[in-house]
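All remarks here apply to the structure that follows.
The values are calculated or read from the model by the stated rules, or taken from the named source; none is laboratory data. Nothing here was measured: the structure is a model prediction, and the numbers come from that model. FYI the Cβ positions are ideal-geometry reconstructions off the backbone, even for glycines, and counts take in every protein chain you see. Only protein heavy atoms, including side chains, enter the accessible area calculation; ligands, DNA and RNA are left aside. Shrake-Rupley method; radii C 1.70, N 1.55, O 1.52, S 1.80 Å.
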Amino acid sequence: MTKATVQIDRQFAEVPIAHILVGERARAVDPDWVRLFASSMRVIGQCQPIVLRPGARPDLYWLVAGEHRLEAAKLNGGETVFAEIRECTDEEAKQIEVDENLIRNQMSVLEISVALHADKERYLALFPDTKNGAKGGRGAQQFENDKLSFSKTKADKTGLSRRTIERFSKIGESLTPELRNALSAHPIADNQAQLLKLAKLPPETRTQAVGLLTRAEEPVATVQDAVSIIEKRPAPKQRPAYQKQYDTLYRAFHGANAKAKRMFLEQLLAEGELDAVIATATRTEEAA
């Protein structure tokens, strides 16, 4: 038995932007990325085509992948965009979008995990024989020669390791839509280690931990801190005020996007604050 593959017809064309329809997407458009693409396209042109599939009418197309490039073309005032047009189903279109986002690394760990879990569910629906994929041992290699597991298939497509795919899938599987929404704007959304710790908790404890991480008053900093409170472990020694201030600054900094971080650091450098802060901290430590 050979590996299952999907045959997709393709063609390339300049497509009028006005004829492209954009449905529900796996991730929101990031304006910073749009401006970056637009700047690049003005200098060197559009290097990669967006991916479309035919719509209900011959002159209409649905966007499959490349929304940032499409928005960049609009920002540059373009009337057409270079596109690869594929004949594919709804499920295949979703897989293509997820794969492209993974390859381009424009999604947070949480977004990747949710998308990969959904992709895995679709894959198992198409190829149910792979549900109990090779777990190791003597039969593993024979199984993989017949049908590839989801993690192996996705690793081949994206360049990520199988172990990474499996970790992301576990995170996505463990989080309900309510928990995903609660964590979407939290720094933990881009922290694989913390999300994995959360995924390994029992469902009830997991829900309580997310509540402690995202509460308005004095949220905890880590999953471990949340578990300590839930299990009523002895409270840790009181941390000094500077440590609490550091935690607040750390969460704020890592919760910001790249542009905000750059502006913040440039401002500190321009005002000489960075050197002053380090010098003050050094004197304080020496005095202690």
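Quick notes
- Test for L148: is it in a loop (DSSP other than H, G, I, E, B) and either touching a Gly at 6+ places or on another chain (Cβ under 8 Å) or surrounded by 18 or more Cβ atoms within 10 Å (Cβ to Cβ) (or both): yes
- Residue that is most open to solvent (accessible area, probe 1.4 Å), among those in region 21-41 that are modelled with pLDDT under 80 and in a loop (DSSP other than H, G, I, E, B): E24
- Among the helices (runs of 4 or more DSSP H) confined to region 173-274, the ones with at least 1 residues that are on the phi < 0 side of the Ramachandran plot, at pLDDT below 85 and β-branched (V, I, T) are located at 241-255.
- Applying a threshold of 7 Å to beta carbon distances and a minimum spacing of six or more residues, or different chains, the list of pairs starting in region 155-183 at a residue that is without any contact (Cβ under 8 Å) to a residue 24 or more places away in the chain and over 29 Å from L212 (Cβ atoms) and ending at one that is outside any helix (DSSP H, G or I) and not hydrophobic (A, V, I, L, M, F, W, C) reads A155/S161.
- In region 48-98, the residues that are under 18 Å from D30 (Cα atoms) and part of a helix (DSSP H, G or I): E67, H68, R69, L70, E71, A72, A73, K74, L75, E97, V98
- Residues (of a type in the set (A, V, I, L, M) and in contact with a helix residue (DSSP H, G or I) (Cβ under 7 Å, 6 or more places away or on another chain)) located in region 35-69: A38, M41, I50, V51, L60, L63, V64, A65
- Tallying residues that are of a type in the set (V, I, T) and within 20 Å of the chain's Cα centre (by Cα) within region 208-221 yields 2.
- Entry remark, region 39-74: residues being under 14 Å from I20 (Cβ atoms) and among the small types (G, A, S) number 6 in total.
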